[in-house]
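Quick notes on the structure that follows.
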Amino acid sequence: MLNRVRSAVAHLVSSGGAPPPRPKSPDLPNAPSAQTAAPPEAPRSPPARAGSSAPAKTVEARASFSRPTFLQLSPGGLRRADDHAGRAVQSPPDTGRRLPWSTGYAEVINAGKSRHNEDQACCEVVYVEGRRSVSGAPREPSQGQGLCFYYWGLFDGHAGGGAAEMASRLLHRHIREQLKDLVEILQDPSPPPLCLPSTPGAPGSSDASHLVGPQSCWSSQKEVTHESLVVGAIENAFQFMDEQMARERRGHQVEGGCCALVVVYLLGKVYVANAGDSRAIIVRNGEIIPMSREFTPETERQRLQLLGFLKPELLGGEFTHLEFPRRIQPKELGQRMLYRDQNMTGWAYKKIELEDLRFPLVCGEGKKARVMATIGVTRGLGDHNLKVCSSTLPIKPFLSCFPEVRVYDLTQYEHCPDDVLVLGTDGLWDVTSDCEVAATVDRVLSAYEPNDASRYTALAQALVLGARGTPRDRGWRLPNNKLGSGDDISVFVIPLGGPGSYS
């Protein structure tokens with residue numbers, strides 16, 4: 001059976017069930033490439049316990065116990081950030097040098113769910129220098145101008161913090177690599193060229209006009225916008241990041257996986273890319289504008305079932321792609337029971353057969369929904385070693401690394417200092433609704449002067465504190481006595497009309 005599973009995975013990769021192999025991304029430089037308004041890039045905060053004699057364990061501890069560089073935590077501060085009992089909220093120090101756009105950030109560790117905080121965050125200003133000119137000639141150093149983009153990322157790790165830590169360091173570099181071919185194109189108002197010229201003498205540069213069919217076969221050329229090129233660059237960057245994790249998962253202790261929520265501001269537009277169950281919303285003049293959707297076994301049920309239907313070998317004879325309201329009992333064979341498949345949004349009846357007794361590919365509901373009874377998110381980075389419990393059956397073929405990207409044009413609206421984009425990992429949204437976040441935005445920002453840059457950090461802290469709750473006899477509780485979030489919580493608050501220039 002193991003050989004059949006391996007064969008199925010290989011067949012899936014080569015035939016479209018999972019993303020096909022991609023050309024290797026150009027090697028990313030080891031030196032930090034991003035120019036940031038935060039303090040310069042430095043090694044991540046070291047683990048509290050230093051001097052371990054086991055190098056592998058030291059690498060693993062550093063990867064899982066590091067915190068974002070912009071927090072500037074001392075060893076004592078790092079220990080407080082890692083304290084599950086106190087759960088102190090962490091924010092960048094108020095030293096006068098702030099994150100780009102006066103962005104607010106706050107985080108808190110979980111209540112004991114995992115050994116360390118498995119969330120990671122990144123905030124950078126990245127310069128992109130073009131790789132080539134549209135004419136195909138190498139770019140002269142004095143030719144044209146490069147592009148600069150602002151970048152925010154939240155990475156919610158699971159089954160270890162290695163994947164989230166790696167993504168927080170490298171994903172923006174992959175985005176930069178993907179944008180290098182677009183520097184001239186994005187600054188030219190004319191439509192993007194259909195093809196980029198190849199270098200003379202390079203493979204594939206010979207005349208292939210004899211292979212082109214009659215012009216009548218093509219009624220018109222599809223319209224491609226500059227915006228869609230940026231979206232494609234972000235999507236490709238996610239895939240290259242996932243492939244790098246696959247290559248390096250053994251030698252670099254890239255354990256587990258992570259959800260990824262990324263914001264890129266480029267040429268007047270905000271691109272929000274989400275792969276996982278984190279969430280982003282814009283609060284503008286009291287109005288809530290969703291900028292992402294969560295990818296869970298419930299929201300992606302039909303995609304998962306379709307893959308299981310087309311590639312039944314991926315189910316290993318242990319699972320069925322069909323969904324039933326509950327687990328079927330052997331005594332119910334031959335009876336008619338409610339079910340739904342990959343084509344259905346409603347329910348119908350079918351006769352129960354022997355293979356229906358297998359465990360359903362998608363089971364549970366809400367936060368308890370799982371794929372193959374194992375994982376509760378269906379998109380993200382990493383998870384290349386994830387197997388079904390007590391089995392060798394891989395789950396990765398059902399997980400997608402591709403994000404959904406939504407675009408918001410900042411130039412189309414007059415924004416005030418109280419208009420913000422809120423990013424949060426699921427630790428925030430598990431216990432806080434969009435409306436409650438909007439109410440907190442109004443309450444906190446109204447207490448500060450519009451030109452007070454610290455107001456956004458105060459808002460991020462208020463959101464984290466509100467979701468965490470306060471310690472009581474029966475755990476962390478909200479004011480209504482309901483359970484607070486016991487998960488890691490990380491929040492960015494990005495002002496859309498506050499102090500500073502965005503150009």
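Are there any pairs with C-beta distances below 7 angstrom linking a residue in region 418-429 that is of a type in the set (Ser, Thr, Tyr) to a residue that is at pLDDT 95 or above, with the two at least 6 apart or on different chains, and if so which?
Close Cβ pairs (under 7 Å, with a partner that is at pLDDT 95 or above) amount to 425/119; 425/154; 425/156; 425/278; 425/488; 425/489; 425/490.
In region 333-358, which residues are exposed (fewer than 14 other Cβ atoms within 10 Å of the Cβ) and not polar (S, T, N, Q)? It would help to see each step written out before you state the result.
First pass over region 333-358, keeping only residues exposed (fewer than 14 other Cβ atoms within 10 Å of the Cβ): 333-336, 338, 343, 345-349, 351, 353-355.
Listed by number, the residues that qualify are 333, 334, 336, 338, 346, 347, 348, 349, 351, 353, 354, 355.
Are any residues in region 465-503 in a strand (DSSP E or B), of a type outside the set (Val, Ile, Thr) and either closer than 19 Å to residue 433 by Cα or modelled with pLDDT under 95 (or both), and if so, which ones?
Passing the criteria: 471, 472, 475, 476, 477, 483, 490, 492.
Tell me, please, whether a residue that is over 30 Å from residue 308 (Cβ atoms), crowded, with 24+ Cβ neighbours inside 10 Å and of a type outside the set (Val, Ile, Thr) can be found in region 465-483.
In the first step, residues of region 465-483 are kept if they are over 30 Å from residue 308 (Cβ atoms); the result is 465-483.
Subsequent filtering for residues that are crowded, with 24+ Cβ neighbours inside 10 Å retains 467-468.
Retained after the next criterion (residues that are of a type outside the set (Val, Ile, Thr)): 467-468.
Looking through region 465-483, at least one residue is over 30 Å from residue 308 (Cβ atoms), crowded, with 24+ Cβ neighbours inside 10 Å and of a type outside the set (Val, Ile, Thr).
So residue 125 ticks every box in (1) at pLDDT 95 or above; (2) within 14 Å of residue 427 (Cα to Cα); (3) open to solvent by 10 Å² or more (accessible area, probe 1.4 Å) but one. Which box is left unticked?
(2)
Is there a residue in region 335-352 that is at pLDDT 95 or above, hydrophobic (A, V, I, L, M, F, W, C), in a loop (DSSP other than H, G, I, E, B) and under 20 Å from residue 302 (Cβ atoms)? Explain how you work it out, then say what you get.
Residues of region 335-352 that are at pLDDT 95 or above, as a first pass: 335-352.
Cutting the leftovers down to hydrophobic (A, V, I, L, M, F, W, C) gives us 337-338, 344, 347-348, 352.
When the remaining residues are screened for being in a loop (DSSP other than H, G, I, E, B), the result is 344, 347, 352.
After this cut, where a residue has to be under 20 Å from residue 302 (Cβ atoms) as well, the list is 344, 347.
Within region 335-352, one or more residues are at pLDDT 95 or above, hydrophobic (A, V, I, L, M, F, W, C), in a loop (DSSP other than H, G, I, E, B) and under 20 Å from residue 302 (Cβ atoms).
Considering (1) at pLDDT 95 or above; (2) open to solvent by 70 Å² or more (accessible area, probe 1.4 Å); (3) not small (Gly, Ala, Ser), say which one residue 179 fails and leave the rest.
(2)
Select, from 487, 434, the only residue that is in the same structural domain as residue 117 (by the TED database) and surrounded by 21 or more Cβ atoms within 10 Å (Cβ to Cβ). Steps first, please.
Working: 434 fails: surrounded by 21 or more Cβ atoms within 10 Å (Cβ to Cβ).
Just a single option satisfies the conditions, and that option is 487.
List the strands (runs of 3 or more DSSP E) inside region 229-330, counting only whole elements, that have at least 1 residues being of a type in the set (Gly, Ala, Ser) and buried (at least 16 other Cβ atoms within 10 Å of the Cβ).
On the way: elements: 257-266, 269-275, 279-284, 287-290.
It comes to 257-266, 269-275, 279-284.
Only one residue in 399, 393, 421 is in contact with a helix residue (DSSP H, G or I) (Cβ under 8 Å, 6 or more places away or on another chain), at pLDDT 95 or above and surrounded by 22 or more Cβ atoms within 10 Å (Cβ to Cβ). Which one? Steps first, please.
Details: 399 fails: in contact with a helix residue (DSSP H, G or I) (Cβ under 8 Å, 6 or more places away or on another chain); 421 fails: in contact with a helix residue (DSSP H, G or I) (Cβ under 8 Å, 6 or more places away or on another chain).
Step by step, each of 399, 393, 421 is checked, and only 393 is in contact with a helix residue (DSSP H, G or I) (Cβ under 8 Å, 6 or more places away or on another chain), at pLDDT 95 or above and surrounded by 22 or more Cβ atoms within 10 Å (Cβ to Cβ).
Let's see how each residue does on (1) open to solvent by less than 20 Å² (accessible area, probe 1.4 Å); (2) in a helix (DSSP H, G or I); (3) in the same structural domain as residue 287 (by the TED database):
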| site | (1), (2), (3) |
| --- | --- |
| 405 | no, no, yes |
| 408 | yes, no, yes |
| 427 | yes, yes, yes |
| 452 | no, no, yes |
| 463 | yes, yes, yes |
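The values are calculated or read from the model by the stated rules, or taken from the named source; none is laboratory data. Bear in mind the structure is a predicted one, so any value in this text is a computation, not a measurement. We place every Cβ from the backbone using ideal geometry, glycine too, and count neighbours over all the protein chains shown. With ligands, DNA and RNA removed, areas are computed over all heavy atoms of the protein, side chains included. Shrake-Rupley method; radii C 1.70, N 1.55, O 1.52, S 1.80 Å.
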